[in-house]
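Taken together, the values in this text are just the output of simple stated rules run on the coordinates, not laboratory data. What you are looking at is a predicted structure, and each value in this text was computed from that prediction instead of being measured. Cβ: placed from backbone, ideal geometry, glycine included. Neighbour counts: every protein chain shown.
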Amino acid sequence: MGIPSLSYQAMKEHPEFAVSAVAEQKAMRWESSGLPSIFLFIVDFVLVWAGAVLALLFSSVTFQPSPTARFTMAVSRHGAILFLYSMLFVLSASAWRLYGRANRAELLRQTLDLLKVFSSAAIVLAMFMYFSQNSNPSPVVLVGAFVFGFALLFVWRGFLRISGFNGLNEPRNVLIIGAGAAGQELHRYLENTPQLGYSVKGSIDRRSSSRDSASGGSSFGPPALGPISELDAIIRTHFIDEILITLPGVRDLVREVVVQARRSGTHVRVIPDLYDGLVVGAPIESMGKFPVVTLHRRAVPELQLMIKRTVDIVVSAFALIVFAPVFAVIAILIRLDSKGPVFYNSTRLGKKGKTFVCHKFRTMVADAEQRKESLHHLNERQEILFKISDDPRVTNLGRFLRKWSFDELPQLWNVLKGEMSLVGPRPPVPDEFQQYALEDRRRLEVTPGLTGLWQVESRHSASFREYIQLDLKYIDSWSIWLDFRLILKTFYVVFAGTGR
C-alpha cells in the first residue's frame, strides 16, 4: 500500500513532480499504518480472547464442582494456548484482508469471512496441539471459544454496520477519466457491485473541450460532466472523493489531474494494465476485480472520526432519553400557544449535498413561510441570509424556546441517525445552497452540526462572508479537541440566553 513510484522516464521529464511524489510517499507510509485498522485489530483480539474466557467459565460452571476455583485454575493453565488462539485469529483476519478499507459487503459475505478466519485459526491451533502433544484445553472449551468468539465478533461487526462507522453506509463519489471501453466497463462493474461502496457521478474524456460535452453522455457509460480544464469545479460541484483514470499512456494528463487533486484533497488511482508502463513496479491494490494503483491519497483522520461518531451516538441517545419529559411538556405548550403542528420539519442539505429532513420545535405561526416574502425589507442579514430580530411571525412561546435554544432539541434525532453531528457547519436549505460560490460548497464536505464555530463566535453577525469563512475555518482546522471546546462554549452561549 502507499503511493507508487513513478517510472524513471516520468521522473526525468518532470523532476518537480517526482520530488512531490517522493514526499507524498513518505507521508503515505505514516498514513498506511492505519490507526483504525490497529484499533479493529485490537478489538478483534480482545473479543476473541473474551470468547475463550467465556468458554472456560461455561465449562467450569457446567461440568465441574467448585466453579470459581476451577475457572481460576483453567485460566492459569490454558491462558497461553488461548492467547495463541486469539493471536492466530487476528493474523488470519489480516491475511484475509478484514482490516482493509471498510466496504459494504453484504451480511452473508461478512459472516462467511468470519467463518473462514475462525476455521483457519482453529486448523493452525489444532496442528500445533497435535505436534506438541498437548491435549488441553478440552474440545468443549475449544468449541465454546469458537461459538462465543464468533457471536461477539458478529455483534461487533453488526454494530459497525448499522452505526455508520468507517463509511459503511456512505458510498464514495467517483469520477472516471476516460469514456472509452475501459471506462464504460469500470462504470458498469461499480454500478453492479454496490457492496464495494462506490457511486459513479460521471466521467471526463480527454477529447472533451467544451461545456457542450457535458450536456449528455453515452447510454452505455457514465454521464459526461465537462472538459478536463474544469476538473476542479467538477470535483467541488459533485463532491468527488476519488478519481479513476482508465486512459493509456497519457502522462501529461495524469500529472495535471494529480496536481489539481492535491489542491482539492481527492484520491487519484489508475488502472495499471491500461497505463502503458508508467507505474511498472508500483504496488498494486484491488477495487473488486480491477487492479489499481494510487497516485494520491487524502489523509483522513479515521480514528478521530470514529470517536466523533461514537460521541454523537452516545450523547444524542442519552439526551433523547433524559429530555423525553421536556419534549412532552414543550409539545403540549406549543399546541396550547398557537395553531399548527408541534414540529417544524424542513428539507436541508447534509454531507455531500444529501438531503434530509431537519426537525425543530415550531416557534413561528403556521403560515410563516407564506409571509416571508412580505418581510424581506426587514432583513438584517447580508446577501442570501435572512434573519429578523423581532420577527412578527415568531410566537410568544417561540421566543422563549429560541432564547434558550430549546427549539433545536429535536435535532438530536438527526444526530442519532447520522444526518447531523453535535458539532459542524449549519445545514443549509436547498435555495441557499444554489446561490453558493464554488468555494463555499466546501461546507458540505463534512456532516452538519447542532453547533459550530459560527454559532459560538459570531452568532448574530450580519455578514454572510464571515459565516462562510468561519465554517471553512472549522473544516480546515478540525480535530476532536476542537469539537470538545466548541461544545463547552455552546453551553456558555445557551446559558447566557443569547438565542433569538
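Points worth noting:
- Over all other residues within a Cβ to Cβ distance under 12 Å of SER421, the charged ones net out to +2, with Lys and Arg as +1 and Asp and Glu as -1.
- Of LYS116/LYS308; LYS417/LYS489; LYS308/LYS339; LYS372/LYS473; LYS339/LYS372, those spanning more than 28 Å from alpha-carbon to alpha-carbon: LYS116/LYS308; LYS308/LYS339; LYS372/LYS473
- Which of ASP205, ASP232 has the fewest Cβ neighbours within 10 Å, and the rest in rising order: ASP232, ASP205
- Prolate/oblate/rounded label for the stretch 303-495 (Cα gyration tensor, a/c 1.5): oblate
- With neighbour counts taken as other beta-carbon atoms within 10 Å, the residues THR490, THR310, THR237 rank, fewest first, as THR310, THR237, THR490.
- The ranking of TRP96, TRP481 from fewest to most other beta carbons within 10 Å of each one's beta carbon is TRP481, TRP96.
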